[in-house]
1. Which of the residues that make up region 194-237 are out of contact with any helix residue (DSSP H, G or I) (no Cβ under 8 Å at 6 or more places or on another chain), in contact (Cβ under 8 Å) with a residue 60 or more places away in the chain and either among the small types (G, A, S) or exposed (fewer than 14 other Cβ atoms within 10 Å of the Cβ) (or both)?
2. Could you list all residues from region 69-102 that are aliphatic (A, V, I, L, M), assigned to a helix (DSSP H, G or I) and over 30 Å from L218 (Cα atoms)?
3. Which residue is nearest to N87 (Cα to Cα), if the candidates are limited to region 103-157 and must be of a type in the set (G, A, S), in a strand (DSSP E or B) and out of contact with any Pro (no Cβ under 8 Å at 6 or more places or on another chain)?
4. Out of region 183-193, which residues are surrounded by 12 or more Cβ atoms within 10 Å (Cβ to Cβ) and either in contact with a Lys or Arg (Cβ under 7 Å, 6 or more places away or on another chain) or not in a helix (DSSP H, G or I) (or both)?
5. Would you confirm whether any residue within region 238-248 is modelled with pLDDT under 85, in a helix (DSSP H, G or I) and of a type in the set (G, A, S)?
Amino acid sequence: MKRLTAILALAMVLAACGSGDSGGEGDSAEPASGNLGDGLAVSPDTTAAAAEEASAEDRDGTIGVNLEVSQDRKVIRQASLELQADNTREAFDRIVELTESAGGFISNATVHPVANEGDQPAVVMTLRIPASQLTHTMTSIKASVEEVVSESQGAEDVTDQFIDLEARLTNLTALEVELRALLAEVRQQPEADPDKLLRVFTEISNVRGQIEQIQGQLNYLEDVVSMATLEISLSPTPAVVPIVEDTWRPLEVARDALRSLVSGLQDVAEWGIHFAIFTVPMLILTVGVPLLALYVVVRQWKKRRPPVEPDPALPAES
């Protein structure tokens, strides 16, 4: 009985610690040290490499941002590029090819419609690229287009959160083993107490649920750490955008105006029919009938009321 109480108490303590720590996991991650540009995090070990790359890219007129992280850290990397290309369709195909060759994939892509078939559409896409290939892939993508409007990178260190989840998972797994051994021991007793069996079984279910939840969080962190996210906004260069787009069609405008006129007349006709068939009868029934009844009652009351006789004390007027 003492062993059962001790194990159940340990399970309750671990459950309370797990629920208390879950609320602060999102705040435990801190960005990498150092700043670059608009609040971008940079590792101190890569300052020289970043400076060398920036100076090399300044010579050819492009913008370069490079965030490298240590291999023993769990870091979520995110980046964004705003690009311009003369032919956005071909640029989109090149970006897809470069992403797949790096081992990544297109998570989401939106191609905005264009008025004419020959116009270049704007494209917004989300790429998932192996974190180790992010810098190389971004360099290749920037080299495949005519203009790099803006570039940004960010890194979120989740190493502490990762270590905390692994420690909790280890403790809960050991606790589950003890609980299952205790359940087997209680079952082997000649007169097993059903209440004890139910308590142990309930604790095993709770611990198993926490293990699966933590394992899911670890799997998610592994995914976002191993695969960086790259947001790309691709638009045509101003040189290929026509000054005056051939999209104005007077006949279509006139047809739309006529359609609006007919629709407005139909609305007026429908309102008149509705007023004549529904509103007028409702007014007659709810207002006209009561007023008519009141008029009849007042008229009958006036007929039955005796006439007013003149006062004899008052002299008649001559």
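The values are calculated or read from the model by the stated rules, or taken from the named source; none is laboratory data. This is a predicted model, so every value here is computed, not measured. A quick note on method: Cβ atoms are made from the backbone with ideal geometry, for glycine too, and the neighbour counts reach across all protein chains shown.
1. Keep residues of region 194-237 that are out of contact with any helix residue (DSSP H, G or I) (no Cβ under 8 Å at 6 or more places or on another chain), which gives 194-195, 198, 202, 205, 209, 212-213, 216, 219-220, 222-224, 229, 231, 233, 237.
Those left that are additionally in contact (Cβ under 8 Å) with a residue 60 or more places away in the chain: 224, 229, 231, 233, 237.
Scanning region 194-237 gives a single hit, S233.
2. A91, I95
3. A109
4. Across region 183-193, the qualifying residues are V186, A192, D193.
5. Of region 238-248, the ones modelled with pLDDT under 85 are 238-248.
Then drop every residue that is not in a helix (DSSP H, G or I), which leaves 238-240.
Remaining after also requiring of a type in the set (G, A, S): 239.
Looking for residues that are modelled with pLDDT under 85, in a helix (DSSP H, G or I) and of a type in the set (G, A, S), one finds at least one in region 238-248, hence yes.
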